[in-house]
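Report on the following structure.
Bear in mind these aren't lab numbers, they're just calculated from the coordinates by the rules spelled out. Since the model is a prediction, treat every value here as computed from it, not as a measurement. Don't worry about glycine lacking a Cβ; one is built from the backbone with ideal geometry, like all the others, and counts go over all protein chains shown.
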Amino acid sequence: MQLDYIDIGRRIRIARSQAGLTQGELAKRMEVSSSFVGHLERGTRQASLETLVNLANELDLSVDYLLAASLKNSNPRSEQTPYTEKQLELMQEMLAHLDHYVRSKR
C-alpha cells in the first residue's frame, strides 16, 4: 500500500491557509525549514509519523484527516473540516444571523 502524498499535501496546504499561516510560520512552529513544508504540500517529500503528528497538532487536525485518501476504511470523522472550533462557532453565529435576516424579510 502506498500513501497518497499529493492528497496529504493538499490537506496540509488548505489547513495551513485556513489557519492564516505562511509556510514559514508553520515551519518555525514545527522546527523544520519552510522548503520542507513546501515539499510536503506538493507531495514531493514523505513525512515521518512524527512529522504527521506534529502537523496535526500544529494545525488542530486529526492524523486520520490528513491520511483520509490513503485509508481503506476511512471513518466519516476523517473527512472533518480543518476549521478550528472558534471558526466553526463564528460560522454558526453568522448562519444564525443570516437565518434571522431572511426570516424577517418574508
**Asked** Against the longest alpha carbon principal axis of the chain, how many degrees, from 0 to 90 and to the nearest 10, is the axis of helix 5-18 turned?
**Response** 50
**Asked** Working from the pairwise distances between different alpha carbons, so that the mean of 1/r is found and then inverted, what is the chain's Kirkwood radius in Å?
**Response** 15.1
**Asked** For the chain, what is the mean residue ellipticity at 222 nm derived from helices alone (per DSSP H run of n ≥ 4: -39500 (n - 2.57); sum divided by total residues; nearest 500 deg cm²/dmol)?
**Response** -19000 deg cm²/dmol
**Request:** Before anything else, pin down the relative contact order of the stretch 5-80: Cα pairs under 8 Å, at least 6 apart, normalised by residue count, whole percent.
**Result:** 32
**Request:** With +1 on each Lys and Arg Cβ and -1 on each Asp and Glu Cβ, and nothing else charged, work out how big the dipole of the chain is about its Cα centre, in Debye to the nearest 20.
**Result:** 380
**Item:** Hz values of 3J(HN,Hα) by residue in the stretch 55-70 - Karplus curve (6.51, -1.76, 1.60), Gly and Pro given as x
**Value:** 4, 4, 5, 5, 9, 6, 10, 9, 5, 5, 5, 5, 9, 3, 5, 9
